[in-house]
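Worksheet for the structure shown next.
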Amino acid sequence: MSKKFVERITGMDEDFAQWYTDVVTKAELVDYSSVRGSMIIRPYGYALWENIRNELDRRIKETGHENVYMPLFIPESLLQKEKDHIEGFAPEVAWVTHGGDEKLGERLVVRPTSEVLFGEHYKNIIHSYRDLPKLYNQWANVVRWEKTTRPFLRTLEFLWQEGHTCHETEELAQEETVKMLEVYAEICEKFLAIPVVKGQKTEKEKFAGAKHTYTIESLMHDGKALQSATSHHLGDGFAKAFGIQFLDREGKQQYVQQTSWGFTTRIIGAMIMVHGDDRGLVVPPRIAPTQLMIVPIAQHKEGVLDFAYDLKERLDAQFRVGIDASDKKPGWKFNEYEMKGIPLRLEAGPRDIEQNQVVLVRRDTGEKLTVSVDGLEATIASVLEDIQASLLEKARQHREEKTSVAVTFDEFKTQLEEKAGFIKAMWCGEQSCEDKIKEETSATSRCMPFEQESLADECVCCGSKAKHMVYWAKAY
Ligand SMILES: [Zn+2]
């Protein structure tokens with residue numbers, strides 16, 4: 001029974017890319033649309049995003065930010081004000097050239113990100129140090145004309161939040177940049193059970209127009225890295241381009257110091273690739289749209305459905321509970337909810353009811369627990385917490401197993417081939433070495449971690465004096 005069902009999903013180790021595609025479509029997270037590279041986020045996928053978004057939004061507000069909404073369109077002239085920024089984004093913007101039948105006097109860009117719109121607005125509303133800091137956040141969709149696309153990981157249009165802030169000093173902007181990176185790391189580890197490496201991007205990999213970019217990087221089941229969120233210290237580059245000035249405490253005109261930071265629907269792709277298995281999705285309890293699914297057994301027998309519905313009503317007070325009382329066979333239901341990654345299944349049949357017990361089945365381990373109906377809430381809460389913690393621990397172990405150290409370029413190449421994962425290696429700071437490593441191995445620099453280690457004195461690539469330890473990997 002379960003074997004036949006499993007055949008519907010390609011095995012992870014057989015073809016990871018196909019496994020991913022099978023899971024996102026068969027677990028009903030997305031559907032393809034007629035617009036190439038765009039996805040329809042179905043109710044289950046959207047409910048996941050809402051749970052992640054709600055947790056993140058709460059923290060964004062707790063740290064003093066306010067939500068706003070900016071226009072979808074950006075005039076070409078506005079995008080061109082910051083030189084590095086337009087150069088970085090020009091290859092992937094979508095242009096609007098007509099309004100109805102009429103050709104526009106100036107082309108419009110569908111926002112790929114909103115730094116310039118915030119820049120224009122901030123110029124109008126910031127005049128004095130008393131107007132600072134400005135701590136704004138926007139929940140929106142953005143468009144980037146990507147050549148190759150995959151649901152959640154890379155799509156023409158995606159959902160995200162983008163924070164944009166202005167500060168009096170560089171130190172305050174730096175503090176904000178790192179604070180928001182920490183918020184992202186907390187969401188990943190505490191809610192999504194995804195362990196992350198926090199660090200700084202190299203010059204080559206930083207955001208177009210930023211002074212510094214910070215990132216959290218995670219490792220997928222197949223050993224590829226995924227940039228999970230970024231936070232940028234923009235310095236005064238945009239402020240100078242847009243003339244965002246304020247009168248400081250000494251009465252002098254100064255440019256504001258800015259930050260921007262973003263977290264996207266891409267994280268759902270990370271969740272799938274970190275926790276999923278050959279049976280489908282595995283969703284961490286804290287963000288699961290349904291934490292517990294009740295499946296009545298022999299539901300045609302007297303009292304079974306009443307018992308199941310009473311239980312649902314009781315458990316609804318504390319958990320996100322589903323019930324499937326349809327006439328599909330229990331085996332079909334088991335497989336379906338395993339595919340959807342629902343953390344716990346509760347089975348209740350006539351014999352269980354007689355003995356005042358139910359059976360709980362964990363999605364992550366498949367373990368079956370026969371537990372008393374008395375005090376069931378406490379039992380469920382503790383099992384869910386245990387699943388949450390186990391998922392993080394398992395992901396951490398997987399990452400450790402797939403992280404290696406390379407001192408020489410030969411070691412680098414061998415390890416990348418044999419282990420496929422993160423490689424920690426020293427780097428001289430020159431882009432030529434980054435380019436060479438990418439060209440010869442396809443690995444890119446993921447970040448210079450905050451927790452630096454001294455692994456060797458020389459750069460892994462050129463042998464010159466090393467400046468930083470870097471995490472390298474092939475990446476999504
Ligand atoms: Zn070098």
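Based on this model, can you work out whether ILE423 counts as within 28 Å of VAL282 (Cβ to Cβ) and β-branched (Val, Ile, Thr)? Steps first, answer last, please.
Numbers: within 28 Å of VAL282 (Cβ to Cβ): yes; β-branched (Val, Ile, Thr): yes.
Yes, satisfied.
Within segment 141-190, track down each residue that is surrounded by fewer than 18 Cβ atoms within 10 Å (Cβ to Cβ), touching a Phe, Trp or Tyr at 6+ places or on another chain (Cβ under 8 Å) and closer than 21 Å to ILE125 by Cβ.
Matches in segment 141-190: GLU168 only.
Might you let me know whether segment 412-422 holds any residue that is within 15 Å of the ligand (Cβ to nearest atom) and of a type in the set (Lys, Arg)?
Initial filter on segment 412-422 (within 15 Å of the ligand (Cβ to nearest atom)): 412.
Among the residues that remain, those that are also of a type in the set (Lys, Arg) are: none.
Checked segment 412-422: no residue is within 15 Å of the ligand (Cβ to nearest atom) and of a type in the set (Lys, Arg).
Just checking: which of the helices (runs of 4 or more DSSP H) contained wholly in segment 323-441 hold 2 or more residues that are over 30 Å from LEU29 (Cα atoms)?
Numbers: elements: 330-339, 350-354, 376-401, 409-419, 431-441.
Because the criterion is at least 2 residues that are over 30 Å from LEU29 (Cα atoms), the helices (runs of 4 or more DSSP H) in segment 323-441 that meet it are 350-354, 376-401, 409-419, 431-441.
Among the residues of segment 195-220, which ones are within 15 Å of the chain's Cα centre (by Cα) and part of a loop (DSSP other than H, G, I, E, B)?
PRO195, VAL196, MET220
Let's see how each residue does on (1) surrounded by fewer than 20 Cβ atoms within 10 Å (Cβ to Cβ); (2) modelled with pLDDT of 95 or more; (3) under 21 Å from THR264 (Cα atoms):
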| site | (1), (2), (3) |
| --- | --- |
| GLU76 | yes, no, no |
| LEU79 | no, no, no |
| GLY88 | yes, no, yes |
| TRP95 | yes, yes, no |
| ARG130 | yes, yes, no |
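Return yes or no: is VAL274 touching a residue at least 60 places away in the same chain (Cβ under 8 Å), among the hydrophobic types (A, V, I, L, M, F, W, C), closer than 29 Å to THR149 by Cα and part of a loop (DSSP other than H, G, I, E, B)?
Values: touching a residue at least 60 places away in the same chain (Cβ under 8 Å): yes; among the hydrophobic types (A, V, I, L, M, F, W, C): yes; closer than 29 Å to THR149 by Cα: yes; part of a loop (DSSP other than H, G, I, E, B): no.
Judged against the criteria, VAL274 is not a match.
For VAL96, all conditions in the list (1) over 30 Å from GLN254 (Cβ atoms); (2) touching a Pro at 6+ places or on another chain (Cβ under 8 Å) hold save one; what is the number of the exception?
VAL96 satisfies all of (1) over 30 Å from GLN254 (Cβ atoms); (2) touching a Pro at 6+ places or on another chain (Cβ under 8 Å) except (2).
Here's the yes/no breakdown for (1) surrounded by 14 or more Cβ atoms within 10 Å (Cβ to Cβ); (2) within 11 Å of the ligand (Cβ to nearest atom); (3) under 23 Å from the mean Cα position of the chain (by Cα):
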{"site": "ALA425", "(1), (2), (3)": "yes, yes, no"}
{"site": "GLN431", "(1), (2), (3)": "no, yes, no"}
{"site": "SER445", "(1), (2), (3)": "yes, no, yes"}
{"site": "PRO449", "(1), (2), (3)": "yes, no, yes"}
{"site": "MET469", "(1), (2), (3)": "yes, no, no"}
{"site": "TRP472", "(1), (2), (3)": "yes, no, yes"}
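Could you look through segment 433-443, keep only residues that are closer than 21 Å to ARG399 by Cβ and out of contact with any strand residue (DSSP E or B) (no Cβ under 6 Å at 6 or more places or on another chain), and pick out the one that is farthest from the ligand (Cβ to nearest atom)?
Applying the first criterion (closer than 21 Å to ARG399 by Cβ) to segment 433-443 yields 437, 441-443.
Add one more test, that the residue is out of contact with any strand residue (DSSP E or B) (no Cβ under 6 Å at 6 or more places or on another chain), and what stays is 437, 441-442.
Values: ILE437: 9, THR441: 14, SER442: 18 Å.
In this case the residue turns out to be SER442.
Please state which of the following conditions ARG396 fails to meet, knowing it meets all the rest: (1) exposed (fewer than 13 other Cβ atoms within 10 Å of the Cβ); (2) at pLDDT 95 or above.
ARG396 satisfies every listed condition except (1).
Pick from ILE267, ILE244: which is in contact (Cβ under 8 Å) with a residue 40 or more places away in the chain and under 11 Å from the mean Cα position of the chain (by Cα)?
Numbers: ILE244 fails: under 11 Å from the mean Cα position of the chain (by Cα).
Within the list ILE267, ILE244, the selection yields ILE267.
Please work out which one of (1) in contact (Cβ under 8 Å) with a residue 40 or more places away in the chain; (2) over 30 Å from ALA270 (Cα atoms); (3) loosely packed, with under 13 Cβ neighbours inside 10 Å is the condition GLY375 fails and give its number.
All conditions are met except number (1).
Examine segment 174-193 for a residue that is of a type outside the set (Asp, Glu) and not in a helix (DSSP H, G or I), and state whether such a residue exists.
Within segment 174-193, the first condition is being of a type outside the set (Asp, Glu), and the residues that meet it are 174, 177-181, 183-185, 187-188, 190-193.
Still in the running and not in a helix (DSSP H, G or I): 192-193.
Taking every residue of segment 174-193 in turn, at least one turns out to be of a type outside the set (Asp, Glu) and not in a helix (DSSP H, G or I).
Within 15 Å of the ligand (Cβ to nearest atom), touching a strand residue (DSSP E or B) at 6+ places or on another chain (Cβ under 8 Å), assigned to a helix (DSSP H, G or I) and not aromatic (Phe, Trp, Tyr): is that true of CYS461 in this structure?
Details: within 15 Å of the ligand (Cβ to nearest atom): yes; touching a strand residue (DSSP E or B) at 6+ places or on another chain (Cβ under 8 Å): yes; assigned to a helix (DSSP H, G or I): no; not aromatic (Phe, Trp, Tyr): yes.
Considered against the rule, which asks whether it is within 15 Å of the ligand (Cβ to nearest atom), touching a strand residue (DSSP E or B) at 6+ places or on another chain (Cβ under 8 Å), assigned to a helix (DSSP H, G or I) and not aromatic (Phe, Trp, Tyr), CYS461 comes out as no.
The values are calculated or read from the model by the stated rules, or taken from the named source; none is laboratory data. These figures come from a predicted structure and were not determined experimentally. So basically every Cβ, Gly included, is an ideal-geometry build from the backbone, and we count neighbours across all protein chains shown.
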